Amino acid sequence: MLIYRGLSRISRISKKTSFGRRWLPSHPLLSGASHSAAAAAADSSVKVLGCREAYSWSLPALHGIRHQIHHQSSSVIEEQLDPFSLVADELSILAKRLRSMVVAEVPKLASAAEYFFKMGVEGKRFRPTVLLLMATALNVRVPEPLHDGVEDALATELRTRQQCIAEITEMIHVASLLHDDVLDDADTRRGIGSLNFVMGNKLAVLAGDFLLSRACVALASLKNTEVVTLLATVVEHLVTGETMQMTTSSDQRCSMDYYMQKTYYKTASLISNSCKAIALLAGQTAEVAILAFDYGKNLGLAYQLIDDVLDFTGTSASLGKGSLSDIRHGIITAPILFAMEEFPQLRTVVEQGFEDSSNVDIALEYLGKSRGIQKTRELAVKHANLAAAAIDSLPENNDEDVTKSRRALLDLTHRVITRNK
Amino acid sequence: MVIAEVPKLASAAEYFFKMGVEGKRFRPTVLLLMATALNVRVPEPLHDGVEDASATELRTRQQCIAEITEMIHVASLLHDDVLDDADTRRGIGSLNFVMGNKLAVLAGDFLLSRACVALASLKNTEVVTLLATVVEHLVTGETMQMTTSSDQRCSMDYYMQKTYYKTASLISNSCKAIALLAGQTAEVAILAFDYGKNLGLAYQLIDDVLDFTGTSASLGKGSLSDIRHGIITAPILFAMEEFPQLRTVVEQGFEDSSNVDIALEYLGKSRGIQKTRELAVKHANLAAAAIDSLPENNDEDVTKSRRALLDLTHRVITRNK
């Protein structure tokens, strides 16, 4: 309650001061990489120059409130913490920077970039949120600072680089969406060849390439070749996953292993490898980097499994209220795969395909009789728990921001499971 | 692994190699010659083993640039050409049609991602930046071609800018990457860049001419594919300077093939073909000048390679197919 008001007061303060005023960090807790709710007040006069731009920010007012927070009971803190609001202001800075990074000379490319941001809003910027929280959760504190100036500059630069990872991740993600979604439109529109249609497809492909190239340039600017390799591999995984989905044999489509591998490539690889990149940029050990990777991977898998369930159930607990878009596109997901284990005859239906919508009804019937939905949820919970375990295994750190961020990351592992839309 | 799993991607890879053969592997040839031409010799080798290892490693890295360049080139072709098929097939919506497009996009993405990983393995972020910029230029050039206003289509400056993005940027930036990997100075890197850029521009300008003339010296025997696709190239742009009325025809577009005939008539009366050739020669000479400005080097292989690079600047001009 007090915390919540305090936090919202901070966000109001930061909004007022976000234009044209530069705050110098005045307290070790507030410097550089620490990032609790709305602490970022970017100087708007700082020109956005991509990932290399550093900016200083902080709020002396936070100092006093922190002492209050420190004295509150920890259970209150847990109640009021919204992972997304922890990084909300930072995210809007990222969005602005992203916009400037994808400005194109050619107006039509610029329109495609707008699509980009609509998508970003739609997706609640899930990935960047995870990455920014991870960055704070892994905060390596400089134990004996020479003097405030040195510590702050280094920490700020590190944070900027980690934000850059978040931006790059979004660019790669949207590039893949542009390529995937618009071509699926080609599918559903059944090749109506108007010029706009063709322009739409070609431009979407070009826009995806454009974003990819900008991501590569941004990656290069980080001057960390291990990170470059990690994220280049992600691009390869996205392609592989999409290809696996497109060109499955009958056996593969009915294989849970194949499905999980494809899901890793298509969904989890991006988050897992960028979490790892965050850890590497922070100079963490290989063990910690692996923990970050494991968190991202299991969170991503849990997310996708619940996504599969929701496609059947929608916001209702019962079947068939979801959009059913996976099955209508002939994409066989975990619930059906589990159902097939219980009812082998379902496989025949699956092999016939689902262009005939009566097959969809039959499949739903089997699914309802089976424990497919429940088993999928259970598997999702298992992965969510693995993600939580990874956070719990991180090296102990009593810093308040670190603890808060880790708790937020744990919170996310609950949210991916309990969400119903 | 992917190719084993996904036979269709294997077919796309074959396309890759067919294209490589068709194109006479022009780009990799230039890059490998440039690598030798810029060969930095180790003057006092400690012992043969040390010199050889680092020289071999350098060469391998430069070959990698050539491979990456080809992957980027073909990825862009896959993205451009097959989607143009969508244009000409006018959207006949068979599943094969859609799979064809989707697979082409995926195959292009696959090649791009392999190029990214290969780039990363070079552990040179300046080179990564250079080649990532190339991808951006390819996209920009293609978009420029797709979305021109009437004024832009008739502008020589716009055309040259687009041509740089679409054709010359890849060669110029990869030549520069070769130089950087060889540890050359910034000045030499710029010379390498200039060579690639001017060679690429000269190549494209002659390409434009050949689209009209084909293997014959006279007009109209070429494939005329540019103009039929409504792509206005240098010869027409020059002709428009002499005959402003040609612009009206251009603005009407060329779906009506009688407009193609009218344009060819004007082109024949104009000095469009000749002026384009002259401009190509100018760029070829600039490319040659860049080679001549390289730091002196008496090594036999170096001299041979430089002479070969000069020879290429003649060949791009004199070729007739």
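The values are calculated or read from the model by the stated rules, or taken from the named source; none is laboratory data. Since the model is a prediction, treat every value here as computed from it, not as a measurement. Positions of Cβ are backbone-derived with ideal geometry, glycine not excepted, and every protein chain shown enters the neighbour counts. Please note that ligands, DNA and RNA were not included when accessible areas were found on the heavy atoms of the full protein model with its side chains. Shrake-Rupley method; radii C 1.70, N 1.55, O 1.52, S 1.80 Å.
Things to note:
- Residue separation of B:Gln274 and B:Thr56 scaled by 0.36 nm, minus their Cα-Cα distance, works out to 73.9 nm of gained length.
- Loop-located trypsin sites (Lys or Arg not before Pro) in region A:312-378 (DSSP state other than H, G, I, E, B) with a sparse environment of at most 16 neighbouring Cβ atoms within 10 Å: A:Lys321, A:Arg371.
- Counting only other chain Cβ atoms within 10 Å of each residue's Cβ, the peptide B:118-126 averages 5.
- With DNA, RNA and ligands ignored, accessible area of B:Cys64 (1.4 Å probe; Å², nearest 10): 20
- For region B:251-267, 3J(HN,Hα) computed residue by residue from phi via the Karplus equation (6.51, -1.76, 1.60; θ = phi - 60°) reads 5, 5, x, 10, 5, 7, 6, 5, 5, 4, 4, 4, 4, 4, 4, 4, 4 Hz, glycine and proline entered as x.
- Computed from the C-beta positions of A:Ser250 and A:Asn385 and an R0 of 45 Å, the FRET efficiency is 0.85 to the nearest 0.05.
- Where B:Tyr266, A:Tyr295 fall by accessible area, highest first, once all protein chains stay in place (1.4 Å): B:Tyr266, A:Tyr295
- Backbone N within region B:139-168 under 18 Å of label point (7 Å from B:Glu251 Cα along the Cβ vector): B:148-156
- With a simple spin-label model that places each label point 7 Å from the Cα along the Cα-to-Cβ direction, the separation between A:Phe84 and A:Glu378 comes to 3.1 nm.
- Each residue of region A:324-334 was assigned a 3J(HN,Hα) from its phi angle through the Karplus expression (A = 6.51, B = -1.76, C = 1.60, θ = phi - 60°), giving 6, 6, 4, 5, 5, 8, x, 9, 8, 10, 3 Hz with x at Gly and Pro.
- Links that overshoot a 19 Å alpha carbon limit, given the list A:Lys202/B:Lys162; A:Lys96/A:Lys276; B:Lys123/B:Lys176; A:Lys223/A:Lys276; A:Lys276/A:Lys382: A:Lys96/A:Lys276; A:Lys276/A:Lys382
- Per-residue surface analysis assigns B:Asp256 an accessible area of about 80 Å², computed on protein heavy atoms at 1.4 Å probe radius.
- Between B:Asn298 and A:His414, the C-beta separation translates, for a Förster distance of 51 Å, into a calculated FRET efficiency of about 0.10.
- Between A:Thr315 and A:Val360, the FRET efficiency estimated from the beta carbon spacing at R0 = 25 angstrom works out to 0.80.
- Heavy-atom SASA rank of A:Lys421, B:Lys166, A:Lys404 (probe 1.4 Å, accessible area, largest first): A:Lys421, B:Lys166, A:Lys404
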